[in-house]
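The values are calculated or read from the model by the stated rules, or taken from the named source; none is laboratory data. Predicted model, so just to flag it, every value in this text is computed and none were measured. Please note: Cβ atoms are built from the backbone with ideal geometry, for glycine as well, and neighbour counts cover all protein chains shown.
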Amino acid sequence: MPITAANPVISELQDRIRRHEGGAARKGEVLSFGIAEIDAKLPGGGLARGALHEVAGGGADAVHGAAAALFVAGIVARTKGDILWCLTRPDLFAPALAQAGLHHDRVIYVEADREEDVLTNFEECLRFGGLGAVVAELVRLPMTASRRLQLAAEASGTIGIALRRWRRPTEAADFGQPTAATTRWRISVLPSEPLPVPGIGRARWLAELIRARAGEAAEFEIGACDATGRISLSPHARDGQDQTRGSRNFG
Amino acid sequence: MVVSRSGSKRSVAAIDAAAFKAGARIGMPAAKAQAMISGLHLVDADPAGDALAIERLALWMLRQYTPVVALDSPDGIVMDTEGADHLGGGELPMLTGLVNALRGHGLQARGAIADTWGSAHAIARATRRQVIIVPVGETAKAVVNLPISSLRLPSDTVSGLAVLGFRTVGELSATPRAPLTLRFGPEVGRRLDQMFGRLAEPIDPIRTADLIEVARSFSEPIGAAETIAKYIGELVVELCAALETRGQGVRRADLIIYRVDNTLQSLRAGTAKAVRDIPHLTKLLCSSIEKIDPGFGIEKLSLAATMIEPFEEKQSISSLVEETIVDVTPLLDSFGNRGQRMYRLAPVESDVPERNVGRVSPISAKLGQAWPTRWPRPSRMLARPERIEVIALTPDHPPASMTWRGKRRRIKRGDGPERVFGEWWVRSSEMEAVRDYYSVEDEDGNRFWVYRSGDGVDPATGTAKWFLHGIYG
């Protein structure tokens, strides 16, 4: 509508509404997965930069966070610049992250003794600006804290990923609590791609997009990150089970 | 044995452990020691040289540990570690590290942390343990049984007290003060009060001529956080101007706060690279302003650049196309000053998985080398491998089922073995050790990295027990 666009007040209001919706990220402000099916479900065609995203493991991975960490590594590997990774438990194995495309020279780990320090560090990193991405391994993410993080990310344009990781599987119910994160993912492991010979094929994950601001929930069966951090939509259905699951939308 | 000379009298000033065992004691006439022990090696004491060496040591500690360091003549160094211990990982690791560092240089040292200078002095000298930390508020209990010689009194006062039958600090402090003062002067009471913290004893920090220090005294004591921040800002400007004339940048800046009640506090800000950036330094120093307790007011602020390095001016690249590379060191500095650990992980030449990742400084050069293996690696490693019960065909089949943390899993697929040999040049017990690593996947798709200690045939290579080492994503 050219008439309203000409009116600066109205266009500014429209901009503001769009900002509130979070959906109208302009081109270059999203980090796309490069897979049309997944990007189509995300407002703006990818993960918004300058926003907080939440990733957790499903099942046993809620405690280990192994698949979730690789999924996150694949995402941040496709950004440019240094990655700050805030954590309390230093059990990441850097060769595995390198195999997911995240070169070890790019990652700076900030290890804290207390969970609250991780939140503080996370926020400070997000406010700093100019980093490729900031990842924090968190047990608790209260609403207030997540809103602060989201605002910090918006101010600096840095993508922030909260990797939720609990001490006990029962605590994972905490993932149902609302937070201010723009998207929320749950990554669970699936049996690997079958090979014609004995052995383990490419790992496969069930990536559930549980929440997306101004978007719909969805789930995808994906192949784990390759050497450049790219995931792929799984070509194989699960061993003759449930053929209808692939990228079905329940939102 | 070291012999000191005073006039024509030669007495023993210091001895080593062997001489102590042979019966020599500090303070005995040198001739007596020579008569007692044959083949005694005598060295003339060099008090001036000792003082110089201790001063050098104190300056090193000033750069390394805490802003307030002073000589505790003739044989000690006193530091105010309050507010600086978290940078060393806490009081105990810091003190142990310090004593070990000194021992690494061939120096025998004993350290003590206590509430007051007097008590730390006494405890370090009167006990045999190398590292002692007295919890806050327990000083009185800790010093009661120490000998009066540890009170920093002149030697004739000590011998006079000994003649009267006083042996320990506790006995002395329980005695009425007036007769003691009448007999020995006010020194005894003063030292006792200093030891128990009833009398403040500020540590006058050691300074060298080339140390850049700027200070500001206030005619009216200040106390509000905003006022302190304002003056810190002014001091930083002065300090940076002073540094600029020398072409230096600061690696470590110490702010010393003199309160009106004659006590000192200090703040330390460290940076990863030399900086001369006024806003950045001000921010670092002001970030811990809430730790300052102004008490009745602050009468002087002093800012010193304890560690400086040559600083090169760089022109910032102003290009339209090139992507600016963001310097993260300001961020790292603020983490470092809050005691967080920062590191990057880098490959180390080793086949043993837990050894082939090393921590390097986040500002170290990016070498770009990579781990050579093409085998998939688990994204999470257990801190130490956990025992699992498995059913497996030996010698080289992956397990058919495994029980980990009380849960039994049937293994659907497996890859391996990847054989890792022990590194005999690291530990001689690994001469023949072997681990066979397998990656296995259970029915639900959980993937694990497990290994068997030994090659499954030769018991010399390992116990044939199975362990879980990592979890794949």
When the stretch B:256-310 is checked residue by residue, the ones that are part of a strand (DSSP E or B) and of a type in the set (Lys, Arg) are B:259, B:268, B:273, B:300
Within the stretch B:374-399, of all residues that are without any contact (Cβ under 8 Å) to a residue 24 or more places away in the chain and more than 37 Å from the chain's Cα centre (by Cα), the one farthest from residue B:416 (Cα to Cα) is B:391
Of the residues in the stretch A:43-74 that are more than 13 Å from every other protein chain (Cβ to nearest Cβ) and touching a Phe, Trp or Tyr at 6+ places or on another chain (Cβ under 8 Å), the one that is nearest to residue B:470 (Cα to Cα) is A:54
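So which strands (runs of 3 or more DSSP E) are wholly in the stretch B:1-100 and hold at least 2 residues that are exposed (fewer than 14 other Cβ atoms within 10 Å of the Cβ)? Steps first, please.
Details: elements: B:2-6, B:9-14, B:68-72, B:76-80.
Once the strands (runs of 3 or more DSSP E) in the stretch B:1-100 are filtered for at least 2 residues that are exposed (fewer than 14 other Cβ atoms within 10 Å of the Cβ), what remains is B:2-6.
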Considering the stretch B:117-144, residues that are assigned to a loop (DSSP other than H, G, I, E, B) and touching a helix residue (DSSP H, G or I) at 6+ places or on another chain (Cβ under 6 Å), and then whichever is farthest from residue B:189 (Cα to Cα), we arrive at B:130
Selection from the stretch A:35-63 of residues surrounded by fewer than 24 Cβ atoms within 10 Å (Cβ to Cβ), out of contact with any Asp or Glu (no Cβ under 7 Å at 6 or more places or on another chain) and in a helix (DSSP H, G or I) yields A:36, A:37, A:38, A:39, A:40, A:63
In the set B:233, B:247, B:297, the lone residue that is in contact with a Gly (Cβ under 9 Å, 6 or more places away or on another chain), outside the structural domain of residue B:69 (by TED's automatic domain parsing) and surrounded by fewer than 20 Cβ atoms within 10 Å (Cβ to Cβ) is B:297
Taking first residues from the stretch B:328-345 that are within 7 Å of another protein chain (Cβ to nearest Cβ) and second residues anywhere that are crowded, with 21+ Cβ neighbours inside 10 Å and among the small types (Gly, Ala, Ser), the pairs with Cβ under 8 Å that are 6 or more apart or on different chains are B:340/A:112; B:341/A:112; B:345/A:94
The condition of being hydroxyl-bearing (Ser, Thr, Tyr), within 14 Å of chain B (Cβ to nearest Cβ) and outside any strand (DSSP E or B) holds, among A:146, A:192, only for A:192
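Considering only residues of the stretch B:355-383 that are touching a strand residue (DSSP E or B) at 6+ places or on another chain (Cβ under 9 Å) and outside any loop (DSSP other than H, G, I, E, B), which is surrounded by the fewest Cβ atoms within 10 Å (Cβ to Cβ)?
Among those that are touching a strand residue (DSSP E or B) at 6+ places or on another chain (Cβ under 9 Å) and outside any loop (DSSP other than H, G, I, E, B), it is B:358.
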Mind checking whether some residue in the stretch A:91-105 is more than 8 Å from chain B (Cβ to nearest Cβ) and in a strand (DSSP E or B)?
-> no
Going through (1) more than 7 Å from every other protein chain (Cβ to nearest Cβ); (2) closer than 25 Å to residue A:202 by Cβ; (3) in contact with a helix residue (DSSP H, G or I) (Cβ under 9 Å, 6 or more places away or on another chain); (4) at pLDDT below 85 one by one, residue B:353 fails only at (4)
Exception for residue A:138 within (1) buried (at least 21 other Cβ atoms within 10 Å of the Cβ); (2) under 22 Å from residue A:234 (Cα atoms); (3) among the aliphatic types (A, V, I, L, M); (4) touching a residue at least 12 places away in the same chain (Cβ under 8 Å) falls at (2)
Taking the stretch B:434-460 and keeping only residues that are buried (at least 20 other Cβ atoms within 10 Å of the Cβ), away from every other protein chain (no Cβ under 14 Å) and outside any strand (DSSP E or B), one is left with B:454, B:455
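For the stretch B:224-255, how many residues are in a strand (DSSP E or B) and not hydrophobic (A, V, I, L, M, F, W, C)?
Step one: of the stretch B:224-255, the residues in a strand (DSSP E or B) are B:248-255.
Among the residues that remain, those that are also not hydrophobic (A, V, I, L, M, F, W, C) are: B:248-249, B:251-252, B:254.
So the answer is 5.
Given the residues A:124, A:154, which is the only one that is more than 10 Å from chain B (Cβ to nearest Cβ), over 14 Å from the mean Cα position of the chain (by Cα) and surrounded by fewer than 21 Cβ atoms within 10 Å (Cβ to Cβ)?
Going through A:124, A:154 in turn, the sole match is A:154.
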Result of the Cβ filter at 7 Å on the stretch B:226-238, keeping first residues that are of a type outside the set (Val, Ile, Thr) and partners that are in a helix (DSSP H, G or I), at least 6 apart or interchain, is B:229/B:286; B:229/B:289; B:233/B:282
